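The values are calculated or read from the model by the stated rules, or taken from the named source; none is laboratory data. The structure presented is a predicted model; accordingly, all values stated were derived computationally and were not measured. Reconstructed Cβ throughout: ideal geometry from the backbone, glycine too, with neighbour counts over all protein chains shown.
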Amino acid sequence: MSRIHRLLRKPFFGRYEVPWTWPSADEAAKWERVTFKNPGDGQLVGLWGPAECDVIGTLVLAHPMGKAAKGFWLRHGHADLFRRSGFHVLVFDANGFGESEPVSFDYPADILAAGLWAQARTPELPVGLVGASFGAGWGLCSMARAGSPFRAAVLEGVFPTLPDFWRHYPVAYATLRISQLVWPSLERNLRPEREAAKVIGRPAVLLVYGDRDKVTPPAHGQRLMKPLGEAANAELRVIPGVEHTFAYRDARDEYVSRVIPFLTHALQSAAIPQNQRPNFDGCSTHGTDA
């Protein structure tokens, strides 16, 4: 890791890059610990959980920025929801977060590596992506890279550019502005708004925003819909009463009724020709959450 990279990580992610712990003591038995490499040869650490009923596809979950890292999906119940609904699930730590070693700011490469690992693990199944904030923005960028396996994505709270996101964090925002002078290519190469028009394979993409989200407001989604609509079958959903990254927590019934059918239809369509597609009533989406 270069000196400039080490210096820049601190104001952005220093408070979030802490040792990872399980959200609950009994959670470990439900998951298989896995490791894989990103293009910078850094080791990424994840957890693999098989579907609990008839399998529809495989999902990669890309976490938001926070100390919980991959534990976000376990703590708030998303991972269990998806597994109960017929999806294999891979949660993982982006480089520098949780159990994954710091390598670079190329987080889209981490998500692409996770997608390719998931594809290799279940080559007979289509692969989808679910991301929130940090994970959603870099997930969208990863979908524009060669080899992207993602046939569908649910992206919550996507930011159009780094300045749009970091303006809410004064120290990090000032550092970003300085970095644009000393390392201009860094920010230019990490703009979801620009990469949206380059998404590969015309996947189905659902953008989700909360109307109470101050960090990535619905206006960000409206900006992204124009470029994304050129390369994907894109939809925008604004959910009332929802704060940043908490659509499932704040509006559980609406999240389940919108997201699960969307992913089911998109991944079934990607896997099977329409005239050969069976009727699928889905699995239970109810029960105890993590």
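Summary of values
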quantity: Residue, farthest from Ser133 (Cα to Cα), within region 53-87, restricted to residues that are assigned to a loop (DSSP other than H, G, I, E, B) and out of contact with any helix residue (DSSP H, G or I) (no Cβ under 8 Å at 6 or more places or on another chain); calculated: Asp54
quantity: Per-region count, region 134-174, residues under 16 Å from Met225 (Cα atoms) and among the polar types (S, T, N, Q); calculated: 1
quantity: Residue tally, condition over 20 Å from Leu267 (Cβ atoms) and among the hydroxyl-bearing types (Ser, Thr, Tyr), over region 125-159; calculated: 1
quantity: Residue within region 152-164 that is among the hydroxyl-bearing types (Ser, Thr, Tyr), without any contact (Cβ under 8 Å) to a residue 40 or more places away in the chain, surrounded by fewer than 22 Cβ atoms within 10 Å (Cβ to Cβ) and not in a strand (DSSP E or B) present; calculated: yes
quantity: Subset tally (residues that are assigned to a strand (DSSP E or B) and touching a helix residue (DSSP H, G or I) at 6+ places or on another chain (Cβ under 6 Å)) for region 112-140; calculated: 4
quantity: Answer from Ala120, Ala94 - the residue that is surrounded by fewer than 24 Cβ atoms within 10 Å (Cβ to Cβ), free of Cβ contacts under 8 Å to residues at least 60 places away in the same chain and among the small types (Gly, Ala, Ser); calculated: Ala120
quantity: Unmet criterion (only one of (1) at pLDDT 95 or above; (2) of a type outside the set (Gly, Ala, Ser); (3) closer than 19 Å to Trp138 by Cα) for Pro184; calculated: (1)
quantity: Filter result for Ala234 (in a helix (DSSP H, G or I), buried (at least 18 other Cβ atoms within 10 Å of the Cβ), among the aliphatic types (A, V, I, L, M) and modelled with pLDDT of 90 or more); calculated: no
quantity: Which numbered condition Ala270 misses (of (1) assigned to a helix (DSSP H, G or I); (2) closer than 26 Å to Arg83 by Cβ; (3) modelled with pLDDT of 95 or more); calculated: (3)
quantity: Of all residues making up region 238-265, the number that are surrounded by fewer than 19 Cβ atoms within 10 Å (Cβ to Cβ) and part of a strand (DSSP E or B); calculated: 1
quantity: Test: residue in region 24-39 that is more than 13 Å from the chain's Cα centre (by Cα) and crowded, with 21+ Cβ neighbours inside 10 Å; calculated: yes
